[in-house]
Amino acid sequence: MRAVVYDRYGPPEVLRLEDVPQPVPNEDEVLIKIHATTVTRSDCGIRAANASSGLFVSFLSRLYSGVRRPKRRILGAELAGEVAAVGTTASEFAVGDRVFGTSAGRFGAHAEFICMRESAALAHKPAAMTFEEAAAVCDGAMLALGCLRQADLRKGRRILVYGASGSIGTAGVQLAKYFGADVTAVCSTKNAELARSLGADRVIDYTQQDFTKSGETYDVIFDAVGKLSFGRCRNSLRPGGIYLPTDGLWNLILVPLTSIVGDKKVRFAIPPRFAKKDVLFLKELIEAGKYRAVIDRSYPLEDVVEATRYVETERKTGNVVLTVSS
Ligand SMILES: NC(=O)c1ccc[n+]([C@@H]2O[C@H](COP(=O)([O-])OP(=O)(O)OC[C@H]3O[C@@H](n4cnc5c(N)ncnc54)[C@H](OP(=O)(O)O)[C@@H]3O)[C@@H](O)[C@H]2O)c1
C-alpha cells in the first residue's frame, strides 16, 4: 500500500510517499481502507520533535516518539474509511462498514490502510457526512471535550473561547454551546461570521480589541490556540473562574499551585484521552445537527508536504484534510 513515511525528525520535506506492506489485523482488530485523513498540529509537532518548543520539550517529545529517530514511520491519526477485513474476535464492525475515528497516539493514518482495535476510538460514520468531513471530526473535538469537561459548563456559565477559528477552537465553540454555556468567541475579522454560525453568542475580533482590557469577566477562559497565559487572563476571570490551556508546560506547575493559592484555577487536560465513548457522543451530536467539522482545505495524499506547510502557518481555519485514493 502507499503511505507517507518519515525516517528522521525535521521540516515537512522529510515526508515522502512510499510503498509499504499492508497491515494485517490481529484477532481484535479491523483493517480499514482509508478514504480521508487529516494533517494536525500534533502530526507536525511529532514530525519536528517539537524542536521549536525548546530543548526540554523536544527531549520529552523524542522520549515519546523515538529518541534518535521516529519509532513509527507513518503519521496521521484522524481517519474515515471502510472496513476491509475484521479479526476473528471482532464483532462490532463488518466488512464494508463505513467508519470514522482516531488512532490518536498510535498514528499510522497517512496511508491507504490501517489496523485499529475495534475497542479504540472508532465508530460508524454518520450517514450524512462525507468521508472528508468525518475524518476532520475527532482530533479538535476530543481535545476540546477533554478541556471543557474540567469546567462544569452549563446554562448560566459564561465562557470565552480564545482562538475560536482553529481545529480545537471551532470544536470548543460548538461543544460549549451544546453544554448550555453563554459563549464569547475570539478570532480575527475573517472568521467572525464562522464563529457566529457555530453558535457563538458574541464575537470579539482580536485584531481590533483586547478582551483583557474590556472589563468583561468570564467563568471559564479556554485558550484553544495556545496564545494566552493565566497571568494575562486572570483579571478577566470571575471569582472561582477556570483557565483552560491547550499548550504550555508551565501550566502543569500552575495546576497544583492555583489549587492551593487564590480562587482562580488552571486546569490542564493532559495527557489527552481519545475514547470510543467520545466518538459515539460526537456521532450523536452530528446526527442531531449539533456538531459539524470545519474544513479549510483538502489535498490529495501525495501533496502531504504542501498540506503540512499550510498547517504549520498556524493560520488554518478548522481542519486540513488529505484525501486517499487507491
Ligand atoms: N493539549 C493537547 O494535547 C494538544 C494537542 C494538539 C495541539 N495542541 C495545541 O493546541 C493549540 C491549537 O491547535 P489547533 O490545531 O486547534 O490550532 P490551529 O487550528 O492551527 O489554529 C489556527 C487558528 O488559530 C487562529 N489564531 C492564530 N493566532 C491567533 C491569535 N494570536 N489569537 C487568536 N487566534 C489566533 C488562526 O486564525 P487567524 O489566522 O484568523 O488569526 C487560525 O484559525 C496549539 O497550540 C497546539 O499546539 C494541544
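The values are calculated or read from the model by the stated rules, or taken from the named source; none is laboratory data. Everything numeric in this text was worked out from a predicted model, so none of it was measured. As a convention, Cβ positions derive from the backbone with ideal geometry for all residues, glycine included, and neighbour counts pool all protein chains shown.
Give me a count of the residues in the stretch 154-176 that are surrounded by fewer than 24 Cβ atoms within 10 Å (Cβ to Cβ) and farther than 20 Å from Tyr206 by Cβ.
Within the stretch 154-176, residues that are surrounded by fewer than 24 Cβ atoms within 10 Å (Cβ to Cβ) and farther than 20 Å from Tyr206 by Cβ number 4.
Could you tell me how many of the residues in the stretch 307-326 are at positive phi and surrounded by fewer than 18 Cβ atoms within 10 Å (Cβ to Cβ)?
So in the stretch 307-326, the residues at positive phi come out as 314, 318.
Add one more test, that the residue is surrounded by fewer than 18 Cβ atoms within 10 Å (Cβ to Cβ), and what stays is 314.
Final tally of qualifying residues: 1.
So that you can scan it fast, the table gives a plain yes or no per residue for (1) in a strand (DSSP E or B); (2) within 12 Å of the ligand (Cβ to nearest atom); (3) modelled with pLDDT of 95 or more:
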position	(1), (2), (3)
Val95	no, no, yes
Gly108	no, no, yes
Ala123	yes, no, yes
Pro126	no, no, yes
Met129	no, no, yes
Gly169	no, yes, yes
Ala192	no, yes, yes
Ile204	yes, yes, yes
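Exactly one condition in (1) farther than 30 Å from Ser119 by Cα; (2) touching a strand residue (DSSP E or B) at 6+ places or on another chain (Cβ under 7 Å); (3) free of Cβ contacts under 8 Å to residues at least 60 places away in the same chain is not met by Thr313; state its number.
For Thr313, the failing item is (2).
Would you check if there is a residue in the stretch 227-236 being surrounded by fewer than 16 Cβ atoms within 10 Å (Cβ to Cβ), in contact with a Leu (Cβ under 7 Å, 6 or more places away or on another chain) and in the same structural domain as Cys187 (by TED's automatic domain parsing)?
no
Can you confirm whether the stretch 201-213 contains a residue that is under 19 Å from Leu237 (Cα atoms) and among the hydroxyl-bearing types (Ser, Thr, Tyr)?
There is at least one residue in the stretch 201-213 that is under 19 Å from Leu237 (Cα atoms) and among the hydroxyl-bearing types (Ser, Thr, Tyr).
Would you be able to tell me the number of residues in the stretch 281-306 that are within 16 Å of the chain's Cα centre (by Cα) and hydrophobic (A, V, I, L, M, F, W, C)?
Going through the stretch 281-306 one residue at a time, the tally reaches 5.
Residues that are surrounded by 20 or more Cβ atoms within 10 Å (Cβ to Cβ), over 22 Å from the mean Cα position of the chain (by Cα) and of a type in the set (A, V, I, L, M): does the stretch 14-31 have at least one?
Checking the stretch 14-31: at least one residue is surrounded by 20 or more Cβ atoms within 10 Å (Cβ to Cβ), over 22 Å from the mean Cα position of the chain (by Cα) and of a type in the set (A, V, I, L, M).
From the residues in the stretch 65-92 that are assigned to a strand (DSSP E or B) and not acidic (Asp, Glu), which one is surrounded by the most Cβ atoms within 10 Å (Cβ to Cβ)? Break it down stepwise before answering.
In the first step, residues of the stretch 65-92 are kept if they are assigned to a strand (DSSP E or B); the result is 74, 78-86.
Still in the list and also not acidic (Asp, Glu): 74, 79-81, 83-86.
Values: Ile74: 21, Leu79: 30, Ala80: 28, Gly81: 26, Val83: 23, Ala84: 18, Ala85: 17, Val86: 20.
Ranking the candidates gives Leu79 first.
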